[in-house]
Amino acid sequence: MTKLDELAYKMALKTTIDPMGIFKRLRVVKTGGKLDGNKEFILWLLYVNQYRTKRGGRFWFSDDKLFDLLRKTKSEEELVTLFQSLRQYQDIKYITDDMQAYMILSSASSHRLVNEAWLKSRETPEKVFNILRLGAEALFSLDSSPLFIQWLRYIIMYRAVVGSDSFTDLQTLDFLLERSRLSTTTSFGTLIQSFKDIPDLEMFAKKLSNAPLSKVGKRLRHNPD
């Protein structure tokens, strides 16, 4: 960032200029250039962070507004690549993770593209679980969560490429029991049963259901309410 850029953004923040107006004036946007790794664009995302903080939260430049703005300038495939590439920048990782989750929720055609981007970067199922903020989900909402379904599908893809012994059924169960705090074998069974009607997840759900109940029960006893 040049001194002039730094001063310009400080003045913009002081007067709380809307990020949308600044975005439209970015050189890379005017020329239709690539946003991946573009310093001008990354500075703008940092400004979005600062703007939200100053105004009192993401409500002032919401995820849906940010996503819709970017979707008008780039294709879905380009956005998937962009969001994944931006995860390397710690200061804006939270925004990019939000964008990946928002894309999944708003565009069914992006589901496989996002999974493929994660797979190319060798993101582990544990990491993807955190990206999707599934740890904050209540147990009763997981069975209807599109993000949780996305995560299960990613595990299948991950195993197919990395190996079947990577994040095994028992490791998946152990991870779920720890992170989601399932308190009884009944609640666990109900959760798994809910995915048996989804064709591409039916076999996976059956395998999870057939896991040794003694091991599941032992794990549950160590996770009381």
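Bear in mind that the values in this text are calculations on the coordinates, not laboratory data. Since the model is a prediction, treat every value here as computed from it, not as a measurement. When we count neighbours, we look across all protein chains shown, and the Cβ atoms used for this are built from the backbone with ideal geometry, even at glycine.
Per residue, the average separation of C-alpha pairs within less than 8 Å and at least 6 apart gives region 1-133 a relative contact order of 20 percent. Rounded to the nearest whole Hz, the Karplus-based 3J(HN,Hα) values (6.51 cos²θ - 1.76 cosθ + 1.60, θ = phi - 60°) of region 14-26 follow the sequence 4, 9, 6, 5, 4, x, 4, x, 5, 4, 5, 9, 5, with x at glycine and proline. Of the residues 83, 29, 99, the one whose Cα sits farthest toward the positive end of the charge dipole of region 1-103, with +1 on the Cβ of Lys and Arg and -1 on the Cβ of Asp and Glu, is 29. A Förster radius of 22 Å, combined with the Cβ-Cβ distance separating residue 165 from residue 85, puts the computed FRET efficiency at roughly 0.15.
Counting charges near residue 21 (Lys, Arg +1; Asp, Glu -1) among other residues having Cβ under 14 Å from its Cβ returns a value of +3. Phi angles across region 165-177 convert, under the Karplus curve 6.51 cos²θ - 1.76 cosθ + 1.60 with θ = phi - 60°, into 3J(HN,Hα) values of 8, 8, 6, 5, 4, 5, 5, 4, 4, 4, 5, 5, 5 Hz, Gly and Pro given as x. Karplus-derived 3J(HN,Hα) values for region 78-93, using 6.51 cos²θ - 1.76 cosθ + 1.60 with θ = phi - 60°, are 5, 5, 4, 5, 4, 4, 5, 5, 6, 5, 6, 9, 4, 5, 10, 4 Hz; glycine and proline are entered as x.
Between residue 94 and residue 24, the contour length at 0.36 nm per residue exceeds the alpha carbon distance by 22.9 nm.
Straight Cα distances below 21 angstrom link residue 72 to the lysines 24, 30, 34, 39, with same-chain residues fewer than 8 positions distant left out.
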